[in-house]
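Peer 1: Below you will find the structure I want to go over with you.
No lab work stands behind these numbers, since they all come straight from the coordinates. All values reported here derive from a predicted model rather than from experimental measurement. We place every Cβ from the backbone using ideal geometry, glycine too, and count neighbours over all the protein chains shown.
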Amino acid sequence: MKNIIFALLAVLLCAASPLAAAEEHLLLSMQPSAPPEQQAAMLAPLAEKLSAVFGAPVRTVLLQNAAEYEAELLRGGITVGYQSPLTYVRASDRHEVLATAAQGKGGSQQRGIIIVRPEAGISKIEELRGKKVMIVSRNSAGGFLSQKKSLREQGLEPGRDFELLEAAAGREENVIIAVSLGDADAGFISEGSLRKADRFIVPGSVAELMKTAPLPGWALSVSRELPQERKESLRAMLTQLAEDDPALKALGITSFQAAADADYDVVRNLTE
């Protein structure tokens, strides 16, 4: 009789453990773009919203860098993630995008710009041939991939038709300073970032050459193992947030717009 009771208890414990494990693993994280304490503040209001949707506590997880974050996505250690387009594409076998971050009039798409030093004599993109061009990083949507798409459409291939340099620490300010000083003939940065290094450069030493192709913005994604009804509830909550909602303000965006995996095919095509 005792053996039967112990067997029944074991079955009950095994049946209960997946739910307990699931609740323990409702984890929210974002690709690091700020110091840990700032990341925590950016995610806290969203975690509260997610807890209401899931009906269980959502814990935030802070990671050290983009590589560590991507590894955790691929490992399945993050329930809800917020990351750059390229990081999402790389982890899309494990995660599914629900919404794209939007910012003001720019909507959910982000563009890059090409900047030049006026003295370099570059007035059209064809004149980038043979030049030194500094990019934010090969993983940057606004500081490389957007420009790469536009240039390919004009028959130019970065790294083949002109030399590529990567900015120290992947900072847009360093691209602008390098162009201003003449260490690079041109630079790739995100739209709206031209004034980031004004206090470090001579006025008029950097000019915008052109805006480049639009790409999808940062992705809010969830584990593909999450039940479909939970995904739809979460998508509805995200896309119905008012512009002044604390969750949006903390992330520095104005809205989430519904998105699908296919929206990020343009990024896949640029990285293949």
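Peer 1: With every atom except the alpha carbons ignored, what do you get for Rg and Dmax of the chain, in angstroms?
Peer 2: Reported Rg and Dmax, both Å: 22.3, 91.
Peer 1: For a 19 Å ceiling on Cα separation, which of these pairs sit above it: Lys124/Lys149; Lys148/Lys196; Lys49/Lys249; Lys124/Lys196; Lys124/Lys148; Lys149/Lys196?
Peer 2: Exceeds cut-off: Lys148/Lys196; Lys124/Lys196; Lys149/Lys196.
Peer 1: Nearest 500 deg cm²/dmol is fine: what mean residue ellipticity at 222 nm does the chain get from its DSSP H runs of n ≥ 4 alone, each adding -39,500 (n - 2.57), divided by its residue count?
Peer 2: -11500 deg cm²/dmol
Peer 1: Let me ask something else. Could you work out Rg/(2.2 N^0.38 Å) for segment 112-213, with Rg from alpha carbons only?
Peer 2: 0.92
Peer 1: How large are Rg and Dmax for segment 183-272 when calculated on the C-alpha trace, in angstrom?
Peer 2: Radius of gyration, then largest Cα-Cα span, for segment 183-272: 18.4, 55 Å.
Peer 1: A follow-up question, please. Can you give the extra length, in nm with one decimal, that the chain gains between Arg138 and Arg171 once fully stretched, where that is 0.36 nm per residue apart less the Cα-Cα distance?
Peer 2: 10.7 nm
Peer 1: A further question on this structure: Using a Förster radius of 35 Å, what is the FRET efficiency between Leu194 and Glu225 based on their Cβ-Cβ separation? Nearest 0.05, please.
Peer 2: With R0 = 35 Å, the Cβ-Cβ based efficiency is 0.25.
Peer 1: So how much slack lies between Glu153 and Ala242, counting 0.36 nm per residue of separation and subtracting their Cα-Cα distance, in nm?
Peer 2: 28.3 nm
Peer 1: Loop sites only, by DSSP: take the trypsin sites (Lys or Arg not before Pro) in the chain that have at most 15 other C-beta atoms within 10 Å and name the longest stretch containing none of them.
Peer 2: Excluding the exposed sites themselves, the longest stretch runs over 1-123.
Peer 1: While we're here: Any chance you could run the full-extension gain for Ala207 through Ala67? It's 0.36 nm times the residue separation minus the Cα-Cα distance, nm to one decimal.
Peer 2: Taking 0.36 nm per residue and subtracting the Cα distance, the gain is 47.1 nm.
Peer 1: Another question, if that's okay. Please work out the Cα center distance from segment 205-272 to segment 86-161, rounded to the nearest Å.
Peer 2: Taking the Cα centre of each part, segment 205-272 and segment 86-161 sit 17 Å apart.
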